[in-house]
Structures are given as C-alpha cells and as structure tokens.
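The values are calculated or read from the model by the stated rules, or taken from the named source; none is laboratory data. Owing to the predicted nature of the structure, the values given are computational and were not obtained by experimental measurement. Here the Cβ is made from the backbone with ideal geometry for all residues, glycine too, and neighbour counts use every protein chain on show. For accessibility, only protein heavy atoms count, side chains too; no ligands or nucleic acids. Shrake-Rupley method; radii C 1.70, N 1.55, O 1.52, S 1.80 Å.
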Amino acid sequence: MRFLTALAARALIFLSFTSQVAMAGTITLNNGDVIHGELQAVDKKQVIWKSDNLGKLSIPKEKVAHFTSTAVIPEVRTPDGIAHNCALNLEESVKASCADGLVETQPLATLVAIEPPPAFSGDSRLSFNRKDGNTDSSDLNFIVNAQWLQDQFRHQVELLAESETSDGDVVDERYEGNYQLNYDFNQRWFSYTRLGYEKDRFNAIDEQYELGAGFGQRFNLDNQMNFDMQLGAAYLISHHPEDGSDNDLAGRWGFKMNWPVPGSRLTLFHHHELLWAMDDVNNNQTESSTGVKLPLMGNLFSELRYDYDYVSEPSDEQKHADEEWVIAIGYEW
C-alpha cells in the first residue's frame, strides 16, 4: 500500500516537470488584459483559449480585441464553407491561412473553429483517504490516461489501481490496463483494435484478458460538448476464483461525453463501457464514471465523480454492483 502511494505521488511530480509546453500566442481583451497561451477553439459565442497559467478559458467573443496564435485548427467553418488545418490570427477580423479553402479575412462573430487534438495529452488522478477509530481503513485510487497521435493513428493507454484495507486486511484490490489503437478515416470516423487486462481479487472474475476490434465515431457540438462512441466485438479469456477459466466472444459498447460548460470553468463528464456475452445477453459487465472536473492552478485540477461497476453473475457472497463517490486531485498535460 505504501509502495503504491509513493509510486503515485512520484508519478504526479514527474509529470508536472516533464509535461510543460511553451505557448507562444497572446490574446488581448477589450479592457487591455493580455493572456499568454494558444487558441484552442471558437464556437458561436466564445473563444476557447488555453492559458499558460490559468488553464482553459472560455471568453465571450465580444470581449476579445485581437489574438495571435501558432495553433493549427483542424476544421474551420464560416457561412462561406469549411476549410481544414488553419492558422488563425485576429486583428480587425480573423485571418485564416488554411491548407485548403479559406484564406481571406473572416468576421470573428460568424467563425467556428474545431479544437485540435494535441499530439500528446493525458491526465493522472489520485485520491487517498484514511480512517482511524473503531475501524482502521484506507483507500487508494490512482488512474492514468494518455494518448498520442502518429499520422492517422491514435494510441490510447489507460491504467488503474485501486486498493482498500480494513484493520490491516485487504478487502478490495483491483488493477486494470488497456491499450487501444485507433485508425482515423477522417475527423469523425475511426476503427480500433484493443488489448485489455483486468485483475480483481474480490470479484466473480479474478483475471480477464481482452482482445477486441470495432468502429467508432467522435463529434463536437457548437457548445463544446464532445462525444466518442464505439461499437465492436471482443474475445475474452476469464479466470474465475473457483470455476477455472472460460473463453467468450462478447459485444462491446463504449461511450464518452465531455462538456466544458460555457461561461464556467467546470467540465462535466460521463464515461461507460458495456461487455455482453454473444451467447447470453444476460451475462454482462458494466463500468461507468460520472462527475465534474474543476481546474485549480496551472495544470492541476480537482474532480468529484461517481464510479459504478456491475457484474451480472457475481461469485458467492458478492454483490452485483460496486459504487463509490471519489474526490481526487489530478494533473493534465
């Protein structure tokens, strides 16, 4: 337990020193304030700006005097059409230099620019609590998510470690690791191949290996709400505490929603994944996480979330579902 806690703390410290990226742009507001950073996106009402020190900001268009940015925006929409891979700068109007299409000046009020995916990004979250009294207990929850782009390929890694002790005995312990390789056909559609491993000592499935493939779609709304939906199949190898092993062909559905709320610093999110056996739909597993994220300082953030895990066929004396409220501190890059 102490080793996991120390490892998580060191990981956060390491990321804080290795993930800083210099931002060369500036945005000037009508009141004369200048904020360093880079342009992230533009919706119908706001300019989304990533500040060096303040994180992501949503600034009403009418408050922006001008900006300069080196960011390349993958998609820009105006009443005249759509262009791709544009560098945007605002003086009296927006100058858009694009790989195709728009190169003339455009009014900021009518321009929408879709946020570019960073080449390497991710976050880590740590929560730890200890309770002393009639029962001495401690909880550790550590999650790392990372993704990086390589031409049309998108690599995604997810790592999770959970441990709970009560009066010196381990009463819950779970580890999970997933690697997913996406091939982007375009800005919306992609295919994926997925490898996964999960170990849960106190569940119906002690260990589970997953090999899966399928298709997905991602899209962004004008209010900055974005979705990632995936549907495919998975081959599962499961080891049970008492009943040996079995192999299953399962369907897989994945869903992610993230919404940086306009006019606030809050981000609402909901992620879930469902696996069900092809020969028995009633044999299924669900994992979900729902919550809110609030930036603190720089790349640090706090998070309040509700985690829910469900197994339709639990082992003896085990419940179908585990649910937990978690308050975590995180770092994103």
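Could you say whether any residue in segment 162-172 is crowded, with 18+ Cβ neighbours inside 10 Å and closer than 30 Å to residue 77 by Cα?
no
Residues to consider are 210, 242; find the one that is part of a strand (DSSP E or B) and among the charged types (D, E, K, R). Outline the logic, then answer.
Numbers: 242 fails: part of a strand (DSSP E or B).
Only one candidate qualifies: 210.
Condition check ((1) under 17 Å from residue 160 (Cα atoms); (2) at pLDDT 90 or above) across all residues:
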{"site": "174", "(1), (2)": "yes, no"}
{"site": "179", "(1), (2)": "yes, yes"}
{"site": "188", "(1), (2)": "no, no"}
{"site": "193", "(1), (2)": "no, yes"}
{"site": "198", "(1), (2)": "yes, yes"}
{"site": "204", "(1), (2)": "no, no"}
{"site": "209", "(1), (2)": "yes, yes"}
{"site": "214", "(1), (2)": "no, yes"}
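Quick check: is even one residue across segment 218-236 of a type in the set (S, T, N, Q), on the phi > 0 side of the Ramachandran plot, part of a loop (DSSP other than H, G, I, E, B) and in contact with a Pro (Cβ under 9 Å, 6 or more places away or on another chain)? Break it down into steps so the answer makes sense when it comes.
Restricting attention to segment 218-236, the residues satisfying the condition of being of a type in the set (S, T, N, Q) are 220, 223-224, 226, 230.
Add one more test, that the residue is on the phi > 0 side of the Ramachandran plot, and what stays is 224.
Among the residues that remain, those that are also part of a loop (DSSP other than H, G, I, E, B) are: 224.
Filter again for in contact with a Pro (Cβ under 9 Å, 6 or more places away or on another chain), leaving 224.
Yes: one or more hits.
Name the residue that is nearest to residue 302 (Cα to Cα), counting only residues in segment 231-258 that are at pLDDT 90 or above and open to solvent by 50 Å² or more (accessible area, probe 1.4 Å).
256
Residues of segment 189-221 being open to solvent by less than 40 Å² (accessible area, probe 1.4 Å), hydrophobic (A, V, I, L, M, F, W, C) and touching a Ser or Thr at 6+ places or on another chain (Cβ under 8 Å), which ones?
Those that are open to solvent by less than 40 Å² (accessible area, probe 1.4 Å), hydrophobic (A, V, I, L, M, F, W, C) and touching a Ser or Thr at 6+ places or on another chain (Cβ under 8 Å): 204, 205.
Looking at the structure I just gave you, is residue 75 closer than 29 Å to residue 151 by Cα and in contact with a Lys or Arg (Cβ under 7 Å, 6 or more places away or on another chain)? First the steps, then the outcome.
Numbers: closer than 29 Å to residue 151 by Cα: yes; in contact with a Lys or Arg (Cβ under 7 Å, 6 or more places away or on another chain): no.
So residue 75 fails the test.
Anything in segment 154-188 that is under 30 Å from residue 119 (Cα atoms), part of a strand (DSSP E or B) and among the basic types (Lys, Arg)? List them, or say none. Walk me through it before giving the result.
The first filter runs over segment 154-188 and keeps only residues under 30 Å from residue 119 (Cα atoms), leaving 154-162, 175-188.
Add one more test, that the residue is part of a strand (DSSP E or B), and what stays is 154-162, 175-184.
Across segment 154-188, the qualifying residue is only 154.
Report, by residue number, each residue of segment 78-112 that is among the charged types (D, E, K, R), touching a Leu at 6+ places or on another chain (Cβ under 8 Å) and under 17 Å from residue 27 (Cα atoms).
Let us first name the residues in segment 78-112 that are among the charged types (D, E, K, R), namely 80, 91-92, 95, 100, 104.
Then keep just the ones that are touching a Leu at 6+ places or on another chain (Cβ under 8 Å); that gives 80, 95.
Scanning segment 78-112 gives a single hit, 95.
Return yes or no: is residue 61 over 21 Å from the mean Cα position of the chain (by Cα) and surrounded by fewer than 15 Cβ atoms within 10 Å (Cβ to Cβ)?
Working: over 21 Å from the mean Cα position of the chain (by Cα): yes; surrounded by fewer than 15 Cβ atoms within 10 Å (Cβ to Cβ): no.
No: the conditions fail for residue 61.
Going through segment 65-94 one residue at a time, which ones are buried (at least 17 other Cβ atoms within 10 Å of the Cβ) and more than 29 Å from the chain's Cα centre (by Cα)?
90, 94
Just checking, how many residues over segment 176-231 are among the polar types (S, T, N, Q) and over 30 Å from residue 60 (Cβ atoms)?
To start, the set of residues in segment 176-231 that are among the polar types (S, T, N, Q) comprises 178, 180, 182, 186-187, 191, 193, 203, 208, 217, 220, 223-224, 226, 230.
Retained after the next criterion (residues that are over 30 Å from residue 60 (Cβ atoms)): 178, 180, 182, 186, 191, 193, 203, 208, 217, 230.
Residues meeting the conditions: 10.
Could you count how many residues in segment 33-45 are over 16 Å from residue 89 (Cβ atoms) and either modelled with pLDDT under 90 or open to solvent by less than 20 Å² (accessible area, probe 1.4 Å) (or both)?
Within segment 33-45, the subset over 16 Å from residue 89 (Cβ atoms) is 33, 43-45.
Add one more test, that the residue is either modelled with pLDDT under 90 or open to solvent by less than 20 Å² (accessible area, probe 1.4 Å) (or both), and what stays is 43-45.
Of the residues in that region, 3 qualify.
What is the residue count in segment 52-82 for residues that are among the small types (Gly, Ala, Ser) and at pLDDT 85 or above? Before you say what the answer is, go through the steps one by one.
Within segment 52-82, the subset among the small types (Gly, Ala, Ser) is 55, 58, 65, 69, 71, 81.
Those left that are additionally at pLDDT 85 or above: 58, 65, 69, 71.
Count: 4.
Name every residue in segment 97-115 that is open to solvent by less than 70 Å² (accessible area, probe 1.4 Å), among the hydrophobic types (A, V, I, L, M, F, W, C) and modelled with pLDDT of 85 or more, in order of residue number.
Those that are open to solvent by less than 70 Å² (accessible area, probe 1.4 Å), among the hydrophobic types (A, V, I, L, M, F, W, C) and modelled with pLDDT of 85 or more: 98, 108, 111, 112, 113.
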